[in-house]
Amino acid sequence: MNVYPKMMQLIKAYAKVNLILKVYPKTTNEIKHRIKSLICIYPKLYDEIYIKFASKTEIIFINQNKIIHIDKTKIYLAIQYLSKILKRSINLSIKIHKKIPLMSGIGGSATDIAAIIKWISKKYKLIITNTHLKYIAKYIGSDVPFFLSGHSKAWVSNYGEIVKQTKQKIPRFDLILTNIKIATKCVYAKMNKNYQSLVNIKQACKYLNFRPWNSNIVYNDMWQFANSIDKKLVAAFQKLNTNHNLILSGSGGSFIVIK
């Protein structure tokens with residue numbers, strides 16, 4: 001079967017890593033936690049998205065040569081939101097060849113959404129404003145504004161809508177995919193009213209490029225909760241962390257290997 005019909009445009013949606021991720025306690029009147037994170041594009045890994053206008057919207061995921069239809073993907077929310085902004089119906093045929101594992105802490109969903117938003121915006125000459133970014137970060141995905149920015153590395157803050165390009169020195173690193181799936185919402189659900197952040201941004205920035213590597217520095221607030229959701233994550237960390245140089249990316253379960 002030809003899953004990539006002719007006349008469809010190919011766009012690449014790259015993975016990301018969180019080298020530093022601080023999550024602030026949520027107040028009673030906030031709908032989600034605020035964050036501050038140093039995020040980098042990981043150019044070695046990307047999804048391939050084939051897209052074109054159609055009579056009705058259909059989204060198909062191809063994973064290991066298996067075709068999967070997902071009705072509740074947030075891509076539909078993004079398309080509906082842009083349709084509302086543009087005051088016109090937008091129908092697309094989208095086929096996503098998944099290479100980035102979902103629920104792996106490396107932006108597997110957000111990067112696809114951002115790539116599709118960019119494609120629609122370019123077609124309709126739509127400028128994504130700060131107001132749009134606030135809505136997208138709150139209701140569609142906190143990582144989406146980073147991918148929309150086009151920056152290879154940036155500090156992302158508040159609910160994800162504030163993205164500032166950075167000159168922060170980035171250490172050489174690689175990525176280990178464990179195929180352990182951790183849902184971000186499950187990690188946040190474990191952050192109760194007594195939750196306190198363990199990440200010191202100034203300290204983390206200082207030691208990120210410091211050698212020998214200091215394994216006592218906390219780089220990701222989500223680790224303390226992700227490791228209690230699936231014990232396989234702890235086992236993988238203990239097995240892989242022989243040089244004590246691993247950082248959990250996002251909510252897991254992928255690990256950044258600092259070189």
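Summary of computed values
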quantity: Segment 197-215 - residue that is assigned to a loop (DSSP other than H, G, I, E, B) and either at pLDDT 95 or above or of a type in the set (Ser, Thr, Tyr) (or both) and, of those, least open to solvent (accessible area, probe 1.4 Å); calculated: 199
quantity: The listed residue being more than 24 Å from residue 43 (Cβ to Cβ) and either in a helix (DSSP H, G or I) or open to solvent by 60 Å² or more (accessible area, probe 1.4 Å) (or both), out of 181, 185; calculated: 185
quantity: Selected residue [surrounded by fewer than 19 Cβ atoms within 10 Å (Cβ to Cβ) and either among the β-branched types (Val, Ile, Thr) or at positive phi (or both)] from 127, 96, 117; calculated: 127
quantity: Residue that is farthest from residue 202 (Cα to Cα) [pool: residues in segment 36-57 that are of a type in the set (S, T, N, Q) and touching a strand residue (DSSP E or B) at 6+ places or on another chain (Cβ under 7 Å)]; calculated: 57
quantity: The one condition in (1) among the hydrophobic types (A, V, I, L, M, F, W, C); (2) over 26 Å from residue 249 (Cβ atoms); (3) at pLDDT 95 or above that residue 77 fails to fulfil; calculated: (2)
quantity: Filter result (aliphatic (A, V, I, L, M), over 28 Å from residue 160 (Cβ atoms) and either assigned to a loop (DSSP other than H, G, I, E, B) or open to solvent by less than 20 Å² (accessible area, probe 1.4 Å) (or both)) within segment 232-250; calculated: none
quantity: In segment 216-231, residue least open to solvent (accessible area, probe 1.4 Å) [restricted to those that are outside any loop (DSSP other than H, G, I, E, B) and under 14 Å from residue 19 (Cα atoms)]; calculated: 220
quantity: Residue 60 being in contact (Cβ under 8 Å) with a residue 60 or more places away in the chain, aliphatic (A, V, I, L, M) and touching a strand residue (DSSP E or B) at 6+ places or on another chain (Cβ under 6 Å); calculated: no
quantity: Residue match in segment 15-33 (condition: outside any loop (DSSP other than H, G, I, E, B), more than 24 Å from residue 189 (Cα to Cα) and either open to solvent by 80 Å² or more (accessible area, probe 1.4 Å) or modelled with pLDDT of 95 or more (or both)); calculated: yes
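The values are calculated or read from the model by the stated rules, or taken from the named source; none is laboratory data. As the structure is a prediction and not an experimental result, all values here were calculated from the model. Every residue, glycine as well, gets a Cβ built from its backbone with ideal geometry; the counts of neighbours run over all protein chains shown. Quick note on the areas: whole protein, heavy atoms, side chains included, nothing else; ligands and nucleic acids left out. Shrake-Rupley method; radii C 1.70, N 1.55, O 1.52, S 1.80 Å.
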